[in-house]
Amino acid sequence: MSPPVYTTLISAAELAALHAAGAAPVIVDASFDLADTGAGAKRYAEAHVAGSLYVHLDDDLCSAKTGRNGRHPLPGRAAFARIVGGLGIGPATQVVAFDGQGGVYAARLWWMLKWLGHDAVAVLDGGIAAWRENGGAMDTAVPRPQARPPYPDRPALVGSVDAAGVSGRDAGVALLDARSSERFRGDSEPIDPVAGHIPGAFNRFHRANLDGAGRFKPAASLHAEFTTLLGGRAPADVIHSCGSGVTACHNLLAMAHAGLSGSRLYPGSWSEWSSEPSRPIARG
């Protein structure tokens, strides 16, 4: 009997079961800290989920910044395909992504693999804490992945839009901003030079997807919350943004887990939008 394929979330117990069945996936630690960009790699070196590999948001999941393309611009698909192949990921590989920050950076990797055409990728619900609580082994040894050729060119499984697409979106298309309410309103902006939000956007702080234990809320609860917020819009009529195209992926993942797949990401998000002085800004 073939092992199950996980495409949104996976629990620590389910991940342990895959190991026990001899179907160990490629496990990728995407932990990161915006205030200390070396912190994730440092913690990985000190102790990490046994068998996991590490990817760095700036070095592995982004392209070069120009000052006009946001703080975490997407890499080219060919460049990312080489990185994915180097991690030992092929079209049939089950991938599990995780972090120690509530899943926000793991969700970025989840979305990028979907963007590359890879379906069998899930985020470890509860991250490192859940793995430890389930008795999962930690290690300091860095595994050597079975490197593969660059991931093959396949159709993307998720959609994205650029700034022009956001600006010219139809009136019925909702723009959902995943930043905190203070940043969304423009009360404070600790990261980007300009405060505020894209006119017409709604706000859903990505942390609202989690329960008190740091795990995603049940799918039925997430479905009810998102459908209420979005006024019954179809997922295809939703564009996600945030500060730099990272935490927006958390809302995308939550919607997909709730059975609401098909919404799109604005990768440049607020950091790209606000870098062009001619683009309108809203506050409040």
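Please report how far the C-alpha centroid of segment 138-169 lies from that of segment 78-104, rounded to the nearest whole angstrom.
Going from one Cα centre to the other spans 7 Å.
Work out how much length ALA16 to ASP170 would gain on full extension: take 0.36 nm times their residue separation and subtract the Cα-Cα distance, in nm to one decimal.
Computed gain between ALA16 and ASP170 is 50.9 nm.
If you take the Cα atoms of the chain, find Rg, then find the Kirkwood Rh from the mean of 1/r over all pairs, what is Rg/Rh?
Reported Rg/Rh (Cα atoms, Kirkwood Rh): 0.95.
Do any trypsin sites (Lys or Arg not before Pro) in segment 210-284 lie in a loop, going by DSSP, with at most 14 other beta-carbon atoms within 10 Å of their beta carbon, and if so which?
ARG283
Among THR247, THR227, which comes first, then next, by fewest other beta-carbon atoms within 10 Å?
Listing THR247, THR227 from fewest to most nearby Cβ atoms yields THR227, THR247.
Hey, what D do you get for segment 159-273 in µm²/s if you plug the Kirkwood alpha-carbon radius into Stokes-Einstein at 25 °C and 0.890 mPa s?
175
Using all C-alpha to C-alpha distances in segment 127-216, build P(r) with 10 Å bins and read off the rounded percent in each one.
Going from the shortest bin to the longest, the percentages are 11, 23, 26, 27, 12, 0.
Order by neighbour count: SER274, SER263, SER160, fewest other Cβ atoms within 10 Å first, most last.
SER160, SER274, SER263
For each of ARG68, ARG169, count neighbouring Cβ atoms within 10 Å of the residue's Cβ, then give the residues from fewest to most.
ARG68, ARG169
Could you state the orientation-averaged shadow area of the convex hull built on the Cα atoms of segment 1-63, in nm² to one decimal?
Taking the Cα atoms of segment 1-63, their convex hull projects to 5.5 nm² on average.
So how far, in whole Å, is the C-alpha centre of segment 31-61 from the one of segment 187-227?
Result: 24 Å between the Cα centres.
With both bridge residues required to lie in the chain, what share of the DSSP beta bridges run antiparallel, to the nearest 5%?
Expressed as a percentage, antiparallel bridges in the chain total about 15.
Pull up the DSSP beta bridges for segment 9-139 and report the antiparallel fraction as a percent, rounded to 5.
Given both bridge residues lie in segment 9-139, the antiparallel proportion sits at roughly 15 percent.
Could you give the alpha-carbon Rg of segment 9-139 over 2.2 N^0.38 Å, rounded to two decimals?
1.02
Go ahead and estimate [θ] at 222 nm for the chain from helices alone: -39,500 (n - 2.57) per DSSP H run with n ≥ 4, summed, over the residue count, rounded to 500.
-8000 deg cm²/dmol
Give the shape of segment 67-125 as rounded, prolate or oblate, defined through the alpha-carbon gyration tensor: a ≥ b ≥ c are the square roots of its eigenvalues, a/c under 1.5 means rounded, and otherwise the shape is prolate if a/b is larger than b/c and oblate if not.
Oblate is the answer for segment 67-125, as a/c is 1.5 or above yet b/c matches or exceeds a/b.
Laboratory data are not the source of any read-out in this text; all were calculated from the coordinates shown. Everything quoted here is computed from the prediction, not taken from an experiment. Positions of Cβ are generated from backbone atoms using ideal geometry, with glycine treated the same way; all protein chains shown enter the neighbour counts.
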